[in-house]
Amino acid sequence: MLKDTKARALVENFAGQWLELRSLKTATPDPGLFPTFDEALRSAMLKESELFFEAVVKEDRGILDFLDADFTF
């Protein structure tokens, strides 16, 4: 099932809701505190989170990996 192309939709929709990744699209960090925040960083933050979630699901890793995994993207 996870090899199906619909698995991508699971990543985008479930992770988008559960991790509130969709809120990244409208986030407006304080430019004084985060002067280098731009659209490229916003996009990279979203992609990294989706890739991480996808890896945990596809590799059948434990749920605790969301808290203390020893890898990232």
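The values are calculated or read from the model by the stated rules, or taken from the named source; none is laboratory data. Because the structure is predicted, anything quoted here is derived from the model rather than measured. Cβ sites come from the backbone with ideal geometry, for glycine too, and all protein chains shown count toward neighbours. Heads up: the accessible areas ignore ligands, DNA and RNA and are worked out on the full protein's heavy atoms, side chains in. Shrake-Rupley method; radii C 1.70, N 1.55, O 1.52, S 1.80 Å.
A few comments on the model shown:
- Portion, in percent, of the accessible area of the chain that falls on carbon or sulfur, probe 1.4 Å: 59 percent
- Here Val57 sits with roughly 40 square angstrom of accessible surface, probe radius 1.4 Å.
- What the chain shows is 77 Å² of accessible area per residue, with the surface traced by a 1.4 Å probe over protein heavy atoms.
- Förster radius 22 Å - calculated FRET efficiency between Leu19 and Phe71, Cβ distance, rounded to 0.05: 0.80
- Once exposed loop trypsin sites (Lys or Arg not before Pro) are cut out (DSSP; at most 14 other Cβ, 10 Å), longest piece of the chain: 7-60
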